[in-house]
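Every read-out reported here was derived from the displayed coordinates using simple, explicitly stated rules and does not represent laboratory data. Nothing here was measured: the structure is a model prediction, and the numbers come from that model.
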Amino acid sequence: MTIEEYNQSVDLYSDRVYRFVVKISKDSHKAEDIVQDSYEKLWTKCSSVNFLSVRQYLFSTAYHTLIDRIRKEQRMSSTEDLKITETGHCEHYSDIREVLEVVTDRLPDVQKMVLLLRDYEGYSYKEIAEMASLTESQVKVYIYRARVFLKECIGNLDVLV
């Protein structure tokens, strides 16, 4: 990859990678750091990464960097510091987006990632499989399980409307 292609990848994908990380982490500062780390890793491997596969490289690098940071933060925090809160909604709650965000946060990391890539970013199953280092059938299973979980948590859609 040339310097021009690297700069072009920044223009093309930095916003999308940032949105992806923010949706998972809910922390804009952490997302900025992860995007910057991902581009730094791309820069160090610039000669070995093909420009045609740079998008997959950036998304998978950002995801794995995020997971590493989450695990590191979990190891550093003690269980006494964690506050478990019950989430719920009243019977006639109308902010569907907020309910979806709360319920989506309860998904396992892999299911959340593939669901966001598919439903929010619009990637195909094959592209998600390449980004997440999974098989296409694993991606479909994770998305199915995530949607079933969302359906069970939200329940009847008439409650939300």
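Normalised by the number of residues in the stretch 1-84, what is the relative contact order in percent for Cα pairs under 8 Å and 6+ residues apart?
35 percent
What does the extension gain come out to for Arg69 and Asn50, with contour length at 0.36 nm per residue minus their alpha carbon separation?
4.2 nm
Please list 3J(HN,Hα) in residue order for the stretch 16-26, calculated via the Karplus relation 6.51 cos²θ - 1.76 cosθ + 1.60 where θ = phi - 60°; whole Hz, with x for glycine and proline.
Result, ordered by residue: 5, 5, 4, 4, 4, 5, 5, 4, 7, 8, 6 Hz.
I'd like the Karplus ³J(HN,Hα) series for the stretch 116-129: coefficients 6.51, -1.76, 1.60, θ = phi - 60°, whole numbers in Hz, and an x wherever there's a Gly or Pro.
Residue by residue, the stretch 116-129 yields 5, 5, 7, 8, 8, 9, x, 7, 7, 4, 5, 5, 5, 4 Hz.
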